[in-house]
Amino acid sequence: MKTVILAGGFGTRLTEETANKPKPMVEVGGRPILWHIMKSYAQYGYKEFVIAMGYKADIIKKYFVEYADLSGNLTVEISHGTSRITQREQDEWVIHLEDTGIHSNTGGRIKQLSKWLQDDTFMVTYGDGVSNVPIKELVNFHKSHGKLATLTAVRPPARFGGLVINEQKVVTKFTEKPQAGEGWINGGFLVFEPQVLELIKDNTSSLEADVLEYLAKENQLAAYCHDGFWQCMDTLRDLKYLEGLWSAGQAPWKVWS
């Protein structure tokens, strides 16, 4: 089963980092967030990816070419001008890098990938969000209900830290970014049947406003409710939060060993 990662947007709310690179290439712990997302899927055995690129696609292409050629350990013989890889990274990934245009909408990007997706169930997620959603359980849930699509519903993290106040109105504790209790949102980590491709008209189509809303009206969109960790990387604040978790060795999305 292939996994599509939408990696073509401009990342306008994170311009401190995205002026010179696409948002999925912004690093957390010295690795692009795109790498973190792929590691999460690969841990469950899903190792074939289709990356829908747009803005600064060449940077994504270059990263994976160099990842294949230069990751791991090298032995360099200066006198002969030669080098050889003595130990590679263990990621057994197959990655299809597809340039879907700078101005394509989310649905349009997926439509352009039809040649990779039209024969089997496939997954889609956004290139700027990490989670500890159990992918295998998500896929099993999708297969169990028989609908055309499944999205992962998550509770949005609160923007600010919370307070614990006792009966005497004394602050007893600070809580850092608690999950908000104000309902569910689309957290990505979607699963689709190939028939969904027929619902996408052209490059201007929005996955969210056009495709998912239509599926919901037709009773063909199920929700896998995930109460665990989920965090998007929309702002510099979000990036610093994710970096802090990783640096402290407390990254909940790190489900791989």
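The values are calculated or read from the model by the stated rules, or taken from the named source; none is laboratory data. Please read all numbers here as calculations on a predicted model, not as lab measurements. All Cβ positions, glycine included, derive from the backbone under ideal geometry; neighbour counts span all protein chains shown.
Need pairs with beta-carbon distance below 7 Å; first residue surrounded by 14 or more Cβ atoms within 10 Å (Cβ to Cβ) and within the stretch 235-257, second of a type in the set (Phe, Trp, Tyr); sequence gap 6+ or separate chains.
Cβ pairs passing all conditions: TRP253/PHE229.
Within the stretch 165-187, work out how many residues are closer than 21 Å to PHE229 by Cα, in a strand (DSSP E or B) and either at pLDDT 95 or above or out of contact with any Gly (no Cβ under 8 Å at 6 or more places or on another chain) (or both).
Residues meeting the conditions: 3.
Looking only at the stretch 139-149, decide whether some residue is of a type in the set (Lys, Arg) and buried (at least 17 other Cβ atoms within 10 Å of the Cβ).
Within the stretch 139-149, none of the residues are of a type in the set (Lys, Arg) and buried (at least 17 other Cβ atoms within 10 Å of the Cβ).
Can you tell me which of (1) closer than 19 Å to LEU221 by Cα; (2) under 20 Å from the mean Cα position of the chain (by Cα); (3) assigned to a helix (DSSP H, G or I) is the one THR125 doesn't meet?
(3)
Could you name every one of the helices (runs of 4 or more DSSP H) located completely within the stretch 1-97 that has at least 2 residues being free of Cβ contacts under 8 Å to residues at least 60 places away in the same chain and acidic (Asp, Glu)?
Of the helices (runs of 4 or more DSSP H) lying wholly inside the stretch 1-97, those with at least 2 residues that are free of Cβ contacts under 8 Å to residues at least 60 places away in the same chain and acidic (Asp, Glu) span 57-70.
Out of everything in the stretch 131-164 that is within 21 Å of LEU212 (Cα to Cα) and of a type in the set (Val, Ile, Thr), what residue ends up being modelled with the lowest pLDDT?
VAL154
Out of all the residues in the stretch 62-105, which are among the small types (Gly, Ala, Ser) and either crowded, with 16+ Cβ neighbours inside 10 Å or closer than 30 Å to ASP210 by Cβ (or both)?
Selection gives GLY101, SER104.
Within the stretch 43-94, track down each residue that is aliphatic (A, V, I, L, M) and within 28 Å of VAL130 (Cα to Cα).
Those that are aliphatic (A, V, I, L, M) and within 28 Å of VAL130 (Cα to Cα): VAL50, ILE51, ALA52, MET53, ALA57, ILE59, ILE60, VAL65, ALA68, LEU70, VAL94.
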